[in-house]
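Only the coordinates and a few stated rules stand behind these numbers; no lab work does. Here the structure is a predicted model, which means the values were calculated and not measured.
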Amino acid sequence: MAEDESALIDFQDDFETKARGFGSGKYGRILKMAHTPTREEYFKTMYITGLGIIAIGAVGFAIWWVMTYLPTYF
């Protein structure tokens, strides 16, 4: 049982050592700037994303409609 505990302690120490250095690496600046969005930011993001989805759907529908009905006129 002592060997298992020793292995777990070593694993935990290695993990904590790597985790301590993570914030100072190339992603450290991004992690320091990251934050949970406010309610206003979240709803603004949802609104813009929804408009984008609707716009892409409208363009796709227009292309489908043109490809379906326009060739019959020629």
What is the diffusion coefficient of the chain in µm²/s, taking the Kirkwood radius over Cα pairs and the Stokes-Einstein relation at 20 °C with a viscosity of 1.002 mPa s? 118 µm²/s
Listed by chain and number, the aspartates and glutamates with an alpha carbon less than 19 angstrom from that of K32, same-chain partners under 8 positions apart left out, are E16, E41
Nearest 500 deg cm²/dmol is fine: what mean residue ellipticity at 222 nm does the chain get from its DSSP H runs of n ≥ 4 alone, each adding -39,500 (n - 2.57), divided by its residue count? -27000 deg cm²/dmol
Roughly what angle does helix 39-69 make with the longest principal axis of the chain, taking Cα atoms, 0 to 90 degrees, to the nearest 10? 40 degrees
